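The values are calculated or read from the model by the stated rules, or taken from the named source; none is laboratory data. None of these values were measured; they are calculated from a predicted model. Note that we place each Cβ from the backbone using ideal geometry, even for glycine, and neighbour counts take in every protein chain shown. We work out accessible area using only protein heavy atoms, side chains counted, and drop any ligands, DNA or RNA first. Shrake-Rupley method; radii C 1.70, N 1.55, O 1.52, S 1.80 Å.
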Amino acid sequence: MTQSLLLRALAGETLDTPPLWMMRQAGRYLPEYRELRARAGSFVDLCLSPEMAAEVTLQPIRRYGFDAAILFSDILMVPYGLGRSLRFEEGRGPILEPIKDRSGIPVLDPDTFIARLAPICETVARVRSALGPETALIGFAGAPWTVASYMVEGGSSQDFAALKLWAYSDPDGFSVLMDTLVDATVLYLDQQIRAGSQVVKLFDSWAGAAPESLFEKWVVQPTAAIVRRLATLHPDIPIIGFARGAGVMTRGYGAATGVTALALDSGIPLAMACALQAERPVQGNLDPIALVAGGDALAAETDRILDALSGGPFVFNLGHGILPHTPLAHVEALVARVRG
Ligand code: CP3
């Protein structure tokens, strides 16, 4: 029986060689991505083209043989599915029409939502049928707090002032938006799993912007609801939670949400990662800049992580997405070292 190393690690097995994949492994550091990207039209068009999105998903697998492929799409395709305007501008990132108050919250119509995101599930199906059994396919969504940040701020933000002001001053109104995102996320991940995703990951990239009370109410609780509902629909599908920047609140996040595994950013000390690993598998957490640096620094950082975490269920990854200016030779060196 061939079971992928990723699925084995997420099931709690300690492996001689940990499975390895990289956040944003399909992206601008790859010349073949840049080449396809240049003729794809807009980024949203690329995400909605099953043929091109499947190709881009497979590019890093062909080049490096990572243990997992992650669906090529974006967390902001959920707002798109909810009928919000979405575009990506070079140098500025995503741009959405900001939601100012309760009256601007979209209503989830399940049929319309599923139809709008159907091309992405078609990508999942294409990728799954192109992969061998040794390579797991990861589906994903943004967690509600992070997706809401883009919907409320209208794009990327420095301080999340509009998001947090709303959460503090009108929790009832804000909960309407968050409940909508919980429902949409469950529906979307259910569709991805039916199409062939074997693992799902919830990206809460801006969890660290929430102080304790907001973290509990708007990071932990919505994530716990998604995990509970997905576990009912698909009890065997592991869920990776990534509460980036959560620091010491990561432990409580793992316990209270019930995620299968914790993805850790580079700010989590390895002693803490090790303690977290006693409770569930961990994934992480090489600094993406160490990968840009390469050489002795990369080797030393990689070894530190391997030494600390190889004694338990572990998935090697970066602490955040690979940077566009990362040299290909450094990725090669990393793969060789982790597998060596
Ligand atoms: O990991 C993968 O290879 C799968 C694809 C993937 C993308 N975005 C492709 C992408 C995944 C999993 C994401 C998740 C995502 N998107 C997150 C969570 C993870 C994280 O990085 O914190 C967030 C916050 C977003 C929102 C987003 N998408 C921003 C802020 C930007 C602009 C910044 C940038 O890097 O350009 C994007 C665009 C984006 N998403 C690109 C890619 C490859 C670059 C766009 C391009 O190629 O033109």
Item to complete: Please find, within the stretch 198-213, the residue that is surrounded by the most Cβ atoms within 10 Å (Cβ to Cβ) out of those that are within 16 Å of K164 (Cβ to Cβ) and in contact (Cβ under 8 Å) with a residue 60 or more places away in the chain.
Response: D204
Discussion item. Looking at (1) within 18 Å of S73 (Cβ to Cβ); (2) at pLDDT 95 or above, which one does T17 not meet, given that it meets all the others?
Written reply: (1)
Worksheet item: So F66 clears everything in (1) more than 21 Å from G319 (Cβ to Cβ); (2) open to solvent by less than 20 Å² (accessible area, probe 1.4 Å); (3) more than 8 Å from the ligand (Cβ to nearest atom) except one condition, right? Which one?
Response: (1)
Discussion item. Restricting to the stretch 177-219, count the residues that are among the hydrophobic types (A, V, I, L, M, F, W, C) and closer than 16 Å to S149 by Cβ.
Written reply: 15
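Rundown of residues vs (1) within 16 Å of R251 (Cβ to Cβ); (2) among the hydroxyl-bearing types (S, T, Y), yes/no style:
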| position | (1), (2) |
| --- | --- |
| Q277 | yes, no |
| P281 | yes, no |
| P288 | no, no |
| L291 | no, no |
| G295 | no, no |
| L298 | no, no |
| E301 | no, no |
| I305 | no, no |
| S310 | no, yes |
Item to complete: For the stretch 300-323, name all the residues that are within 15 Å of the ligand (Cβ to nearest atom) and open to solvent by 60 Å² or more (accessible area, probe 1.4 Å).
Response: H320
Discussion item. All but one of (1) within 18 Å of the chain's Cα centre (by Cα); (2) more than 11 Å from the ligand (Cβ to nearest atom) hold for E35; state the number of the condition that does not hold.
Written reply: (1)
Discussion item. Just to check your reading of the model, which residue among A118, A125, A162, A143 is within 17 Å of P79 (Cα to Cα) and surrounded by 16 or more Cβ atoms within 10 Å (Cβ to Cβ)?
Written reply: A143
Worksheet item: Restricting the search to the stretch 14-63, which residues are under 19 Å from H320 (Cα atoms) and surrounded by fewer than 19 Cβ atoms within 10 Å (Cβ to Cβ)?
Response: R24, R28
Worksheet entry | Residues satisfying the stated conditions in the stretch 81-113, i.e. outside any loop (DSSP other than H, G, I, E, B) and open to solvent by 50 Å² or more (accessible area, probe 1.4 Å) | R87, F88, E89, R102, S103, P110, D111, T112
Worksheet item: Inside the stretch 251-269, can you point out the residues that are open to solvent by 10 Å² or more (accessible area, probe 1.4 Å) and out of contact with any helix residue (DSSP H, G or I) (no Cβ under 9 Å at 6 or more places or on another chain)?
Response: A255, P269
Worksheet, complete the sentence: Quick count over the stretch 214-250, residues being in contact with a Leu (Cβ under 6 Å, 6 or more places away or on another chain) and open to solvent by 40 Å² or more (accessible area, probe 1.4 Å), is 0
Item to complete: Please verify whether the stretch 122-145 includes one or more residues that are modelled with pLDDT under 95, away from the ligand (no atom under 15 Å from the Cβ) and outside any strand (DSSP E or B).
Response: no
